[in-house]
1. Residues Thr90, Thr40, Thr63: which one is among the hydroxyl-bearing types (Ser, Thr, Tyr), over 16 Å from the mean Cα position of the chain (by Cα) and assigned to a helix (DSSP H, G or I)?
2. Report yes if some residue within the range 39-58 is aliphatic (A, V, I, L, M) and either farther than 23 Å from Val15 by Cα or loosely packed, with under 10 Cβ neighbours inside 10 Å (or both); otherwise report no.
3. Tell me which residues, restricted to the range 1-32, are assigned to a strand (DSSP E or B), over 16 Å from Glu54 (Cβ atoms) and modelled with pLDDT under 90.
4. What residue, of Ser74, Ser84, Ser35, is in a helix (DSSP H, G or I) and either at pLDDT below 95 or over 24 Å from the mean Cα position of the chain (by Cα) (or both)?
5. Which of the residues spanning the range 76-96 are among the acidic types (Asp, Glu) and surrounded by fewer than 10 Cβ atoms within 10 Å (Cβ to Cβ)?
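The values are calculated or read from the model by the stated rules, or taken from the named source; none is laboratory data. Everything quoted here is computed from the prediction, not taken from an experiment. As a convention, Cβ positions derive from the backbone with ideal geometry for all residues, glycine included, and neighbour counts pool all protein chains shown.
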Amino acid sequence: MFIKMFIGGIMPLCVPIKDLRNTAAFDEMVSNSPSPVIVTKNGYDRFVCIKSSEFNQWEQAETRARLLERIMISERERTEGLHSDAFETTESLRAKYGL
């Protein structure tokens with residue numbers, strides 16, 4: 001048995017944890033569901049199941065967001081003059097330590 005909930009425009013499936021006993025049916029449910037499947041225990045969310053392809057897309061988007069954030073920080077540091085040239089820094093370290 002499953003219950004449909006409306007959260008933020010997405011209709012995730014909510015299933016009790018006991019439904020995981022029938023692994024083939026649960027696998028089919030997750031594979032065919034257009035939204036995440038929320039597994040509950042005693043009426044509370046325990047975990048969320050999604051297709052591995054959707055998880056990979058989420059991971060890539062998360063990685064892209066972290067990279068863009070770092071690029072924005074670097075650009076801000078560059079415009080504020082808080083950066084140093086790699087060649088100049090290398091030369092100053094060589095001179096400082098006699099390398």
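1. Exactly one residue qualifies, and that residue is Thr90.
2. Looking for residues that are aliphatic (A, V, I, L, M) and either farther than 23 Å from Val15 by Cα or loosely packed, with under 10 Cβ neighbours inside 10 Å (or both), one finds none in the range 39-58, hence no.
3. If the condition is that a residue be assigned to a strand (DSSP E or B), over 16 Å from Glu54 (Cβ atoms) and modelled with pLDDT under 90, then Ile3, Lys4, Ile7 are the ones that fit.
4. Values: Ser84 fails: in a helix (DSSP H, G or I); Ser35 fails: in a helix (DSSP H, G or I).
Unique residue meeting the criteria: Ser74.
5. If the condition is that a residue be among the acidic types (Asp, Glu) and surrounded by fewer than 10 Cβ atoms within 10 Å (Cβ to Cβ), then Glu80, Asp85, Glu88 are the ones that fit.
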